[in-house]
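> Next up is a structure, given as structure tokens.
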Amino acid sequence: MEQNKEKELPIGFMDSGLGGISVLKAAVQIMPNEDFIYFGDSKNAPYGVKDREKIRELTFHVVEKLMKRGIKGLAVACNTATSAAVKDLRLMYPDLPLVGIEPAIKPAVSQYKGGEILVLATPMTIRQEKFHNLLGLYKEQAHIIPVPCAGLMEFVEEGHLDGEFLDAYFSKYLLPYITDKTETIVLGCTHYPFLRPHLREFLGNRRIEIIDGSMGTAKELKRRLGEKNLLHAEKREQKIIFENSMEKQAKAERDKRAAILSAEGEKQSAILRAEGKKQSAILDAEAEKQAAILRAEAKKEAMLREAEGEAEAIRRVSQAKADGIAYIKEAKADAAVLQIKSMEAFEKAADGKATKIIVPSNLASIAGTLTALSETVQKDAPES
């Protein structure tokens, strides 16, 4: 009954950061019915530049967290932590199926063709006794060359998996070791497999095999769990939990960024509102100005049209007078005709049809003319 309860627990993974995910990926592939919990100590990464005691302290701290959560097996998916602490961890947790990881020198030697094997690892891993013991096992079987790669794992932690800076790093720290005899490159840090695609591109047409220990470690962990009958045989839904020591710091950073973005958003919003009001006022002023101009233009146009109308009326009156004078002149009317016309107007005044009464100043002269005309008419009239 106790064993069945233990079987339900997840398998624990730890690393100094994100690199161990390469081993976790292999474990998930070959143990699809198991649950996993992964803890990355990114806050204290990289382990490879610290002394052995500090690495041991950090590793034990993470493992204690996982043990409190409850795990049925453990993979120390960090080459540096494995070298510094796995031996002591096995003494502290003798019943726990526990595996560490080491550079995949054994599989590289198993396919050795007589050339050179380069082992890329952190300086700390290369300095550890465990690594030297591993080299000692195979030094008679193959030409193995350790290549210290200080700072390479940071590229992965910071998400720089390709680019010119990585090319520059390979050119400076790796290229001097590569010769025509190089046949295999062993990725001796769990972070390095994430750089494999770009490393392959960097190597170009060179026929160099690249290997790592991820799958070998996952298989060994599965074997040890199977020995204790802690594996699920039936198909079940898989759960994977990721935790990181940077989580609180990352949350604080996210909250800080969110607050900054919110403040910036409010500031920008206020600026936009003020700018909108300013633009609105400008537009209103421009509209009022344009309206005033249009009103003035309309008034001006109206006054011009009124003046033009009056001028046209005056012109027409003047033209009519001029035409009348010209007509009279063309008719060659003499003083007598004009006097007769004046009398006709006077006559019309008498019958009330005329609007004005014109009294000629030479009325007496006109009267004399009328008398003479009357006499002439009487003389010419036939006798009755």
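The values are calculated or read from the model by the stated rules, or taken from the named source; none is laboratory data. For clarity, every value in this text was computed on a predicted model and none was experimentally measured. No Cβ is skipped: glycine too gets one built from the backbone with ideal geometry, and neighbour counts run over all protein chains shown.
> Looking at (1) on the phi < 0 side of the Ramachandran plot; (2) in contact (Cβ under 8 Å) with a residue 60 or more places away in the chain; (3) surrounded by fewer than 21 Cβ atoms within 10 Å (Cβ to Cβ); (4) not charged (D, E, K, R), which one does Tyr47 not meet, given that it meets all the others?
It fails just one condition, (3).
> Quick one: in region 39-82, of everything that is touching a Leu at 6+ places or on another chain (Cβ under 9 Å) and in a loop (DSSP other than H, G, I, E, B), which residue is nearest to Gly151 (Cα to Cα)?
Ala45
> Filter region 161-187 down to the residues that are over 18 Å from His143 (Cα atoms) and in a helix (DSSP H, G or I) and list them by number.
Here is the first cut: in region 161-187, the ones over 18 Å from His143 (Cα atoms) are 161-173.
If the condition is that a residue be over 18 Å from His143 (Cα atoms) and in a helix (DSSP H, G or I), then Glu164, Phe165, Leu166, Asp167, Ala168, Tyr169, Phe170, Ser171, Lys172, Tyr173 are the ones that fit.
> When region 142-160 is examined, which residues are found to be under 22 Å from Ala108 (Cα atoms), out of contact with any Pro (no Cβ under 6 Å at 6 or more places or on another chain) and not in a helix (DSSP H, G or I)? Don't jump to the end; show me each part of the working.
To start, the set of residues in region 142-160 that are under 22 Å from Ala108 (Cα atoms) comprises 142-149, 152-153.
Among the residues that remain, those that are also out of contact with any Pro (no Cβ under 6 Å at 6 or more places or on another chain) are: 142-147, 149, 152.
Of everything in region 142-160, those that are under 22 Å from Ala108 (Cα atoms), out of contact with any Pro (no Cβ under 6 Å at 6 or more places or on another chain) and not in a helix (DSSP H, G or I) turn out to be Ala142, His143, Ile144, Ile145, Pro146, Val147, Cys149.
> A follow-up question, please. If we scan region 116-130, do we find a residue that is modelled with pLDDT under 95, among the polar types (S, T, N, Q) and outside any helix (DSSP H, G or I)?
yes
> Could you tell me which of the residues Phe39, Phe60 is in contact (Cβ under 8 Å) with a residue 24 or more places away in the chain and either within 13 Å of Ser245 (Cβ to Cβ) or of a type in the set (S, T, N, Q) (or both)?
Working: Phe60 fails: either within 13 Å of Ser245 (Cβ to Cβ) or of a type in the set (S, T, N, Q) (or both).
When all the criteria are applied, what remains is Phe39.
> Here is a further query. Quick check on this structure: which one of Ala77, Ala45 is at pLDDT 95 or above, within 16 Å of Thr125 (Cα to Cα), within 41 Å of the chain's Cα centre (by Cα) and not acidic (Asp, Glu)? It would help to see each step written out before you state the result.
Numbers: Ala45 fails: at pLDDT 95 or above.
Only one candidate passes the filter, namely Ala77.
> Which residues, taken from region 83-106, are in a helix (DSSP H, G or I), closer than 23 Å to Leu231 by Cα and of a type in the set (D, E, K, R)?
Arg90
> Could I ask something else about it? Report yes if Pro148 is surrounded by fewer than 22 Cβ atoms within 10 Å (Cβ to Cβ), under 48 Å from the mean Cα position of the chain (by Cα) and farther than 16 Å from Thr190 by Cβ, otherwise no.
Numbers: surrounded by fewer than 22 Cβ atoms within 10 Å (Cβ to Cβ): yes; under 48 Å from the mean Cα position of the chain (by Cα): yes; farther than 16 Å from Thr190 by Cβ: yes.
It is true that Pro148 is surrounded by fewer than 22 Cβ atoms within 10 Å (Cβ to Cβ), under 48 Å from the mean Cα position of the chain (by Cα) and farther than 16 Å from Thr190 by Cβ.
Condition check ((1) polar (S, T, N, Q); (2) touching a residue at least 12 places away in the same chain (Cβ under 8 Å)) across all residues:
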| site | (1), (2) |
| --- | --- |
| Pro197 | no, yes |
| Asn205 | yes, no |
| Ile208 | no, yes |
| Lys222 | no, yes |
| Gly226 | no, no |
| Glu234 | no, yes |
| Glu237 | no, no |
| Phe242 | no, yes |
| Met246 | no, yes |
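> Check Glu116, Glu129, Glu157 and return the single one that is in contact with a Gly (Cβ under 7 Å, 6 or more places away or on another chain) and within 22 Å of Ser214 (Cα to Cα).
Numbers: Glu116 fails: in contact with a Gly (Cβ under 7 Å, 6 or more places away or on another chain); Glu129 fails: in contact with a Gly (Cβ under 7 Å, 6 or more places away or on another chain).
Of the residues listed, the single one that is in contact with a Gly (Cβ under 7 Å, 6 or more places away or on another chain) and within 22 Å of Ser214 (Cα to Cα) is Glu157.
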